[in-house]
1. Would you mind getting the Kirkwood hydrodynamic radius of the chain from its Cα pairs, rounded to one decimal in Å?
2. Between segment 239-259 and segment 479-558, how far is it from one alpha carbon centroid to the other, in angstrom?
3. I want to check the label-to-label distance for Leu525 and Glu160. Put each point 7 Å from Cα in the C-beta direction and report it in nm to one decimal.
4. Jot down the radius of gyration and Dmax of segment 131-191, Cα atoms only, both in angstrom.
5. Of the GluC sites (Glu not before Pro) in segment 468-528, which ones lie in a loop per DSSP and count no more than 15 other C-beta atoms within 10 Å?
6. Calculate, for Ala294 and Arg203, the FRET efficiency according to 1/(1 + (r/R0)^6) with r their C-beta to C-beta distance and R0 60 Å; round to the nearest 0.05.
7. How large is Rg over Rh for segment 505-549, taking Rg from the Cα atoms and Rh as the Kirkwood inverse mean of 1/r across Cα pairs?
8. Pull out the extension gain between Asn427 and Arg335, defined as 0.36 nm times the separation in residues minus the alpha carbon to alpha carbon distance; nm, one decimal.
Amino acid sequence: MRAYIAILAGFFAVQPAQVEAQRAYMVAAAHPMAAEAGRAVLAGGGSAADAAVAVQVMLTLVEPQSSGLGGGAFMLYWDASAGTLQTYDAREKAPAAADGDYFTGADGEPMAWPDAVPGGLSVGVPGVPLLLETVHQDHGRLPWAGLLEPTIQAADQGFEVTPRLSQSTGMFAARDLEVWGQADRYFNASEGGLEVGSTLRNRAFARTLRLMADQGAAPFYSGSIAGDIVAATSRARTNPGMMTMEDLADYTVENRAPVCFAYRVYEICGMGPPTSGGLTMGLILGQLEQFDLASMGPTAEAWHLYIEASKRAFADRGRFMGDADFVDIPDLLDRAYVESRAATIDPTAAGGQARAGEPPMQDTRYAPQLTDHEQGTTHFVIVDRYGDMVSMTSSIESAFGSRLLVGGMLLNNQLTDFSFRSERNGNPIANRVEGGKRPRSSMSPTIVFRDGAPYLLIGSPGGSRIIGYTTQAIISVLDFGMTLEEAFAYGHIVNRNGEETDVEEGTEAANLAPALEALGHGVNLRDLTSGLHAILVTDDGLTGAADPRREGVALSAE
């Protein structure tokens, strides 16, 4: 690791002309090499956009099971000089030929989710390469090619396999990774996975990055890499896909309006559809604003309210949320509507599963989607010396995505985030498959503002539990006054409108299980592996934290 840090310092030597202000900077990411790549960029006078490029390409190499250039992402970018918040939608898209029967089996029934994941059918058009190029063009300060060079070097020379990567490859060796050719060989799946401490090289990815350094994102959408993606997906031995060169060439990264809402003295901003993160978080916190959580503290009574608010928010999510380019989503954050949802919460007793509400201008045709998946995800946050900030969540969907390895990178299986059924009881499902549509996500990159300035950057991986992980941490910090470390370690309490509430075993939260049961909640004690990363921005400086459940770190300098 020390040698690697020295290499980074050589790539990003500080140039006096680049340094416009002396202030602290920080990056928190899911792997020490990725965080160090970002910090080196910031130390060299780079912007948060520059650091995001370096962090994400390094994560593609060292945390391949979770995210990468073969997947998609959502990014919030705070431009300090302009005083504006931009949100970048780089979610994957379905091929133009996709329709409501996309995941229908030969028997006329929807495929089982595990059967649909491997192969080409599950792969959506990747968005991360174009996102990185776009945000660099908008906000970058350092040359593009240099941001990729540390990862090229690490891919060529090799990096040390961490316990988490080893464990992940071992788990998938027992499932289906071992049948997938290049992925099998690279991750040593047939032999039980990678050994902790072994050196892993990825020269194919180094070649991909050299092409990207020279030509930007173009090869992924109209060049040789695009051709390789189409070939891999269309010729997959299982579930061949429909993606074409035209699908890749037509892909765009979209600047969406952020979803912002008031919460006590704060304004909280997140991503809008096609992710459900911002809206669902707004529904939960909007209901909880009707209650004085601070006076309760982190008690069973307070978390009971949070559980009940979550049930109602997830009921609305399941019925109304999808890609807003295809779905007419009602105003779910209308204050009167949110207050009406909160009014149905009994502070003294749990209710059952919630039903979707009747929001203003609702389209009553929509039927609820009843299943969710999303596991292969990462989150990182960055603050640069100029005051620019990034909160970004990136994903290839399930761990190891589609199992297809192209150019040294795993391709996503994000299309399995769609509903496999297109309708229920004669009513269409908002998140059904349609050509060119982006599947609904749970990714929740968030920036909390206080007095008009960024105060907290936060997010997490974790499938549809991302929303709960992130929202609970925000409540713990804003309402209960916990430090980031305390909030992350407290233990998770998650209900996605299920009959039982998941509570993280072995934590302080688990101690509340008897009291929650006394309030009428079914409790399921279990492991809940979030990956929260956050930076708190105060008058006294920056405080960062990485989730103790994973291998991430927060690195800073003055």
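1. On the way: mean 1/r = 0.0427 Å⁻¹.
Here the Kirkwood hydrodynamic radius works out to 23.4 Å.
2. Taking the Cα centre of each part, segment 239-259 and segment 479-558 sit 34 Å apart.
3. 3.5 nm
4. Answer for segment 131-191, Rg first and Dmax second: 16.6, 45 Å.
5. Answer by residue number: Glu499, Glu505, Glu508.
6. Working: r = 55 Å, r/R0 = 0.91.
Efficiency at R0 = 60 Å is approximately 0.65.
7. On the way: Rg = 15.6 Å, Rh = 13.2 Å.
Rg/Rh for segment 505-549 comes to 1.19.
8. Values: separation 92, 0.36 × 92 = 33.12 nm, distance 2.75 nm.
Gain on extension, Asn427 to Arg335, equals 30.4 nm.
None of the figures in this text is laboratory data; all of them are computed from the coordinates on show. Treat the numbers as computed from the prediction; the structure is a model and nothing was measured. When we count neighbours, we look across all protein chains shown, and the Cβ atoms used for this are built from the backbone with ideal geometry, even at glycine.
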